[in-house]
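Have a look at the structure below, then the notes.
The values are calculated or read from the model by the stated rules, or taken from the named source; none is laboratory data. Quick caveat, the model's predicted, so the values are computed rather than measured. Heads up, the Cβs are rebuilt from the backbone with ideal geometry, glycines too, and the neighbour counts pull from every protein chain shown.
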Amino acid sequence: MKLKQRNDKMRDLLRMKWAATGLLIAMVALFVGARLYEGAHPVLGFVRAFAEAGMAGGIADWFAVTALFRHPLRLPLPHTAIVPRNKDRIGENLGAFFEQNFLSREVVADKLEQVDLSGGLLRWIGKPEHTRQIVQYCAALIPDLLAKVDARDVERFTQNELAMRIREFDLAPLVNDIVTHTIESVDYDALLTPALEEIALLFEENRDIIRDRVRERSGWIWQRISLDEKIADAVIKVIDEAVAEVRNTREHPWRRRFGEFARERMAGLAASSAWRAKCEALRDELLAHPAFSALMVGLWSETVERLREDRQASDSWVNAKLEAIIAQWAQDALCDDALRAKMNARAREVILELMPAQRHQLAQLIAETVRRWDTDTVTRKLEVEVGRDLQFVRINGTLIGGIVGLVLHALAMLA
């Protein structure tokens, strides 16, 4: 595209050069013809004067235009080939002009006020093809960056930073919340029923042991009249009936009392500083255990591997999620005028803060670039850019010179 534009400019320049030169040649031919036949036709004196002055103006402007870029007729005359001889100074002046007139704080600030920087960026990000490019770049970059993190660094981070942050976390509110939720959610009747069944089974399985214990604690007189066994059986029967009654009666007072007791104990446990201290001690023990660091290192390695595998998949979950998040963020931010105003203000501040340090470097870049160009390159570039317009100077000089010559000849005739 740039090559085509350059070729088009070169073609226009050559066309205008031929036009200006052709006009000058026409003036020469007109002058010669008028000079030859002026004696027979005095009116041709006006033509001769027009052509003569036109030649002078055309040649003078040809010299002036040519002298900008090279020596006219290859003659090293003073003040010719101005561009080649002053290439470095032109580059420095061009850089200084650019710095003082285009990169001043006032000019840049005024221009930035008219530009919606964040809006343009958000609209660019919001286009699906651009969002996809950003996601692909991030998805390709993240696994490689994470993979470069050494396992020892992960272990060191786990033991120092992560463990320290976890230790700084206050467990008391969390413990209270867990215990309170447990108190409210536990079905104590559901816990009590199997416990009572287990107690009944325990008494049934240990009936003989209970009978022996009752006999041991009974007086010898009861043993002599064989009432100890009856007492033991009565005790066991009473316990069985009591357990069965509590088990089978949903609204039994003992059930309510058990629930109240359990709630009171658990509430007391939540408020117990000793129990929280035990929880904290258990936490610290877990954090200090080598298995914790090994777990974190393993999770890190597995995460990196999963990200790498996902990146290679045609239906990457990470890519899809990132694309949706970025697209939604760009859309929401674009509709948020207050956010865009803040982003624009911050962007302007950053640009204006960078300008003092960067504008001189940009000016130096222009000067250095021009200095590195060879003379022919600079001359050719400038001539291609402005040479076409300079040919109009030659054409105008030829025609204006001719008109001036015509006027002077008419004044001479009137005198």
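Let's see how each residue does on (1) under 30 Å from GLN114 (Cα atoms); (2) touching a residue at least 24 places away in the same chain (Cβ under 8 Å):
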| site | (1), (2) |
| --- | --- |
| GLU280 | no, yes |
| LEU286 | no, no |
| SER293 | no, yes |
| GLY298 | no, no |
| ASP337 | yes, no |
| ALA345 | yes, no |
| ARG348 | yes, yes |
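Take ALA34 and decide whether it is exposed (fewer than 15 other Cβ atoms within 10 Å of the Cβ), touching a helix residue (DSSP H, G or I) at 6+ places or on another chain (Cβ under 8 Å), assigned to a helix (DSSP H, G or I) and hydrophobic (A, V, I, L, M, F, W, C). Taking the combined requirement at face value, the residue does not satisfy it. Restricting attention to segment 358-367, the residues that are exposed (fewer than 14 other Cβ atoms within 10 Å of the Cβ) and closer than 11 Å to GLU92 by Cα total 1. Among the residues making up segment 314-343, those that are assigned to a helix (DSSP H, G or I) and of a type in the set (D, E, K, R) are LYS321, GLU323, ASP332, ASP337, ARG340, LYS342. Per the conditions (1) over 18 Å from ARG394 (Cβ atoms); (2) part of a helix (DSSP H, G or I), the sole criterion not satisfied by LYS17 is (1). In the set ALA96, ALA49, ALA67, only one residue is assigned to a helix (DSSP H, G or I), modelled with pLDDT under 90 and in contact with a His (Cβ under 8 Å, 6 or more places away or on another chain); that residue is ALA67. Inspect segment 296-311 for any residue being surrounded by 15 or more Cβ atoms within 10 Å (Cβ to Cβ), under 23 Å from the mean Cα position of the chain (by Cα), β-branched (Val, Ile, Thr) and under 26 Å from ILE125 (Cα atoms) and give the result as yes or no. Scanning segment 296-311, I find no residue that is surrounded by 15 or more Cβ atoms within 10 Å (Cβ to Cβ), under 23 Å from the mean Cα position of the chain (by Cα), β-branched (Val, Ile, Thr) and under 26 Å from ILE125 (Cα atoms), so the answer is no.
Taking ALA29, is it under 30 Å from MET413 (Cα atoms), assigned to a helix (DSSP H, G or I), in contact (Cβ under 8 Å) with a residue 60 or more places away in the chain and small (Gly, Ala, Ser)?
no
Looking only at residues of segment 78-93 that are out of contact with any His (no Cβ under 6 Å at 6 or more places or on another chain) and farther than 18 Å from ALA367 by Cα, we find that the one that is surrounded by the fewest Cβ atoms within 10 Å (Cβ to Cβ) is PRO78. Of all residues in segment 28-42, count the ones that are at pLDDT below 90 and in contact with a Leu (Cβ under 7 Å, 6 or more places away or on another chain). Count: 2.
Restrict the check to segment 370-393 and report whether at least one residue is touching a Gly at 6+ places or on another chain (Cβ under 7 Å), surrounded by fewer than 17 Cβ atoms within 10 Å (Cβ to Cβ), assigned to a helix (DSSP H, G or I) and in contact (Cβ under 8 Å) with a residue 12 or more places away in the chain. Yes, that holds for at least one residue. Considering only segment 115-123, I want to know if a residue exists there that is part of a helix (DSSP H, G or I) and of a type in the set (Asp, Glu). Within segment 115-123, none of the residues are part of a helix (DSSP H, G or I) and of a type in the set (Asp, Glu).
Taking segment 256-313 as the search range and keeping residues that are of a type in the set (Ser, Thr, Tyr) and part of a helix (DSSP H, G or I), which one is modelled with the lowest pLDDT?
So the first thing to find is which residues in segment 256-313 are of a type in the set (Ser, Thr, Tyr), and the list is 272-273, 293, 301, 303.
Restricting the remaining residues to those that are part of a helix (DSSP H, G or I) gives 273, 293, 301, 303.
Values: SER273: 68, SER293: 71, SER301: 72, THR303: 71.
So the residue we want is SER273.
Could you tell me whether any residue of segment 377-392 is over 29 Å from ILE134 (Cβ atoms) and over 49 Å from the mean Cα position of the chain (by Cα)? Scanning segment 377-392 turns up at least one residue that is over 29 Å from ILE134 (Cβ atoms) and over 49 Å from the mean Cα position of the chain (by Cα).
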